[in-house]
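Presented below is the structure to which this report refers.
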Amino acid sequence: MSFGSPYVTLPDFAYHRPKSLDEALALLKEHGEEAKVMGGGVGLIAFMKERLMSPAHVIDVKEVPELRQVRHVPGKGLSIGAAVSIKELLEGGTLRGYAVLEEALARVADPMIRSRATLAGNLCEAIPWVDSPPALIALGASVEIAGTGGTREVPVSGFIRGPVDIDLNPGEIVTGIMLPDPKGTLSAFEKFTAGSEFSLASVAVALAGGGRKRSVAMVYGAVSSTPVRCAEAEQAVADGLTPANVRRAADMASEKVECVDDVLASAAYRRHLVKVITTRVLRRMMSA
Ligand SMILES: Cc1cc2nc3c(=O)[nH]c(=O)nc-3n(C[C@H](O)[C@H](O)[C@H](O)COP(=O)(O)OP(=O)(O)OC[C@H]3O[C@@H](n4cnc5c(N)ncnc54)[C@H](O)[C@@H]3O)c2cc1C
């Protein structure tokens, strides 16, 4: 995506390719705010070409073995290493049980970009139009972070603070994303795009449990500066997916979800899209 800048070259930087997490952390400690971690590089290199970022040190973590793992953690869920590509995640049923994330990732850009880009990079990029954050929030996922001072884990819902603004300190790196055990969660993703590029509006839905214990998460992406949940739409389908509840949820979402004007679409158009994609995703889930 071009932001209209005249640059075609990259600014000068030193390229590092650590072979272990400890080496990556040591480089981050040494170079502090002058360093940027690189996953697939799809977003970072574009930002650097546009001079929106000019790190003096780029730390490419694609070959760090600790970040290349996908593993089940008993009693917790699925931990996805930060250097695993979207293409790798979509292969071999890795995301079975996490339909909302699988559907979101399958619709990211094109096969070439999916073979380079990582889930962690998609999340850390934190531009409003990317597709994984609403899906991760709907699933209750958290971000695994390491720094020289130790490790911490934060919910994805609190990790994105604003456009290109995440809860990550200099010297820290995202090591992975933790998806809680799906436990029969029914989930789905829908987006509207005006071509092959970013979403103009997206929605991620996750329904867990039944009866009084049913929990609903409906998270909208690309409509505002950060993903937003819509409690009123969630309430509308809390007692089940019926045609009347689906209509009510779509009306509620269109009325209550805060939409903004930006370079891709107007707020009014987004409100219309919110109604359309809410209806589509819930109808699909109804007949699942
Ligand atoms: C033509 C085009 C179309 C696109 N269409 C879509 C689309 O339809 N849907 C969509 O969701 N996205 C889309 N994108 C965006 C693209 O998917 C993202 O740029 C990509 O997912 C970023 O992942 P990456 O691994 O390449 O991250 P990188 O480019 O490597 O990094 C992105 C940012 O995250 C930081 N970062 C990366 N990994 C880590 C880590 N482990 N720890 C800390 N910080 C880290 C980097 O420092 C950088 O700031 C599109 C991009 C292009 C160019």
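Values as computed for the structure displayed
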| item | result |
| --- | --- |
| Potential lengthening between residue 213 and residue 181 on full extension [0.36 nm per residue; Cα-Cα distance subtracted] | 9.8 nm |
| Listed pairs 19/49; 36/191; 191/275; 76/183; 19/62 exceeding 18 Å between Cα atoms | 19/49; 36/191 |
| Point-charge dipole on Cβ atoms (K/R +1, D/E -1) for the stretch 68-180, about Cα centre, debye to 20 | 240 |
| Label-point separation in nm, residue 268 to residue 197, each point 7 Å along Cα→Cβ | 2.3 |
| Within-10-Å neighbourhood charge of residue 7 [Cβ basis; K, R +1; D, E -1] | +1 |
| Inter-probe distance in nm under a simple model that places probes 7 Å from Cα toward Cβ, at residue 15 and residue 169 | 3.2 |
| Among 31, 77, 59 - extreme Cα towards positive end, dipole of the chain, charges at beta-carbon | 77 |
| Sum of -39500 (n - 2.57) over DSSP H runs of 4+, divided by residues of the chain (222 nm, nearest 500) | -9500 deg cm²/dmol |
| Likely footprinting exposure, 187, 132, 287, fewest C-beta neighbours within 10 Å first | 287, 187, 132 |
| Distance-filtered residues of the stretch 180-201 - backbone nitrogen under 15 Å, label point 7 angstrom along residue 127 Cα→Cβ | 194-201 |
| Fewest-first sequence of 114, 247 by Cβ atoms within 10 Å of each Cβ | 247, 114 |
| Ranked by how many other beta carbons lie within 10 Å on average, peptides 18-31, 118-131 from highest | 118-131, 18-31 |
| Modelled label reach - residue 251, point 7 Å along Cα→Cβ, the stretch 228-242 residues with backbone N closer than 20 Å | 230-242 |
| Packing-based order for 52-58, 136-142, 268-274, 79-85, using average beta carbon neighbours within 10 Å, highest first | 136-142, 79-85, 268-274, 52-58 |
| Förster-model FRET efficiency, 35 Å R0, residue 91 and residue 284, C-beta, rounded to 0.05 | 0.90 |
| Net length gained if the chain between residue 151 and residue 22 were fully extended (0.36 nm per residue, minus Cα distance) | 45.2 nm |
| For the stretch 153-204 versus the stretch 55-77, the gap between their alpha-carbon centres in whole angstrom | 16 |
| Separation in nanometres of the label points that stand 7 Å from Cα toward Cβ, at residue 30 and residue 68 | 2.2 |
| Sequence ranges 99-105, 161-167, ranked by mean other-Cβ count within 10 angstrom, highest first | 99-105, 161-167 |
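Every read-out reported here was derived from the displayed coordinates using simple, explicitly stated rules and does not represent laboratory data. On a predicted model such as this, the values are computed, not experimentally measured, just so you know. For neighbour counting, all protein chains shown are included, and Cβ atoms are generated from backbone atoms with ideal geometry for every residue, glycine included.
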